[in-house]
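In what follows, a single structure is set out as structure tokens and then discussed.
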Amino acid sequence: MTLQLYFAPGSSSLAPLVALEELDIPYVGHRLDLAAGDQRKPEYLKVNPRGRVPTLVVDGQPVTEVLAILTYLAHRYPHSELLPLADPLKLAKAYEVMSWFASTVHVAFAQIARPERYADDEATKAALATPGEARFARTLADIERLAQGPGPWLLGDGFSVVDAYALVIWRWAERRSIDTALYPAWSAKAARAFARPSVVRALRKEAAPVTA
């Protein structure tokens, strides 16, 4: 099996990058520069016509969207326990949280960072920022409540792709210069995740040219 991941620094693609490093399996990484417009180049649009990252290519078949990629990896490599597949209720909770990350948290952040997705004229783009900041801040408070649950990780005792996905949002908060000390429970769990070898390797790959 050949796996290729198209990713971009600072984006939600960190989550599947961490998952692949957690699995410790061979894959080819393709680093895109979003600021340079790599995602809009014809060669990438052949891979993902939506021009977004991440994209995981499995034996030539592209899988897009963070949740879909993480689901594939967790089921393809069940021994890894990237998701709590043996516990239907805990698995449902994992999907609940990650779906909320994708449908609410990511959308709130994009309203600030990617206003061109929602408007064309500059005045409307600027007007989106203030309510977007407020919505994004509210989502961080919700993650703090989640992090106050028992155990060292967001789902309890075991590291999962929910923790990897949450790191994406943590970095977005840092990018907005939000005081993360306001979220002590999440701060502790994020620090634990950032110290994990798979996360360290993923961050190194983000900072480097295309790697395999």
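Residues of segment 1-36 that are within 10 Å of the chain's Cα centre (by Cα) and farther than 21 Å from ASP59 by Cβ: GLY10, SER11, SER12, LEU14, ALA15, VAL18. Of the helices (runs of 4 or more DSSP H) lying entirely inside segment 4-89, those carrying at least 1 residues that are without any contact (Cβ under 8 Å) to a residue 24 or more places away in the chain, charged (D, E, K, R) and exposed (fewer than 15 other Cβ atoms within 10 Å of the Cβ) are 42-45, 66-76. Considered as a group, the residues in segment 133-155 that are farther than 20 Å from SER12 by Cα and not aliphatic (A, V, I, L, M) include one that is surrounded by the fewest Cβ atoms within 10 Å (Cβ to Cβ), and that residue is PRO150.
Can we say LYS93 is assigned by the TED database to the domain that holds VAL168, of a type in the set (D, E, K, R) and open to solvent by 60 Å² or more (accessible area, probe 1.4 Å)? Explain how you work it out, then say what you get.
Working: assigned by the TED database to the domain that holds VAL168: yes; of a type in the set (D, E, K, R): yes; open to solvent by 60 Å² or more (accessible area, probe 1.4 Å): yes.
Spelling it out, LYS93 is indeed assigned by the TED database to the domain that holds VAL168, of a type in the set (D, E, K, R) and open to solvent by 60 Å² or more (accessible area, probe 1.4 Å).
Restricting attention to segment 172-193, the residues that are within 25 Å of ASP24 (Cα to Cα) and touching a helix residue (DSSP H, G or I) at 6+ places or on another chain (Cβ under 7 Å) total 3.
Quick grid of which residues meet (1) touching an Asp or Glu at 6+ places or on another chain (Cβ under 8 Å); (2) open to solvent by 70 Å² or more (accessible area, probe 1.4 Å):
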position	(1), (2)
ASP157	no, yes
SER160	yes, no
ALA166	no, no
ARG171	no, no
ILE178	no, no
TYR183	yes, no
LYS189	yes, no
ALA207	no, yes
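Checking each residue in segment 170-212 for being of a type in the set (A, V, I, L, M), modelled with pLDDT of 95 or more and part of a loop (DSSP other than H, G, I, E, B) picks out only ALA195.
The single residue among ALA119, ALA35, ALA92 that is under 30 Å from ILE178 (Cβ atoms) and modelled with pLDDT of 95 or more turns out to be ALA92.
The values are calculated or read from the model by the stated rules, or taken from the named source; none is laboratory data. Just so it is clear, the model here is predicted, and its values are computed rather than measured. Cβ: placed from backbone, ideal geometry, glycine included. Neighbour counts: every protein chain shown. When the accessible area is computed, the model is the full protein with side chains, heavy atoms only, and any ligands, DNA or RNA have been set aside. Shrake-Rupley method; radii C 1.70, N 1.55, O 1.52, S 1.80 Å.
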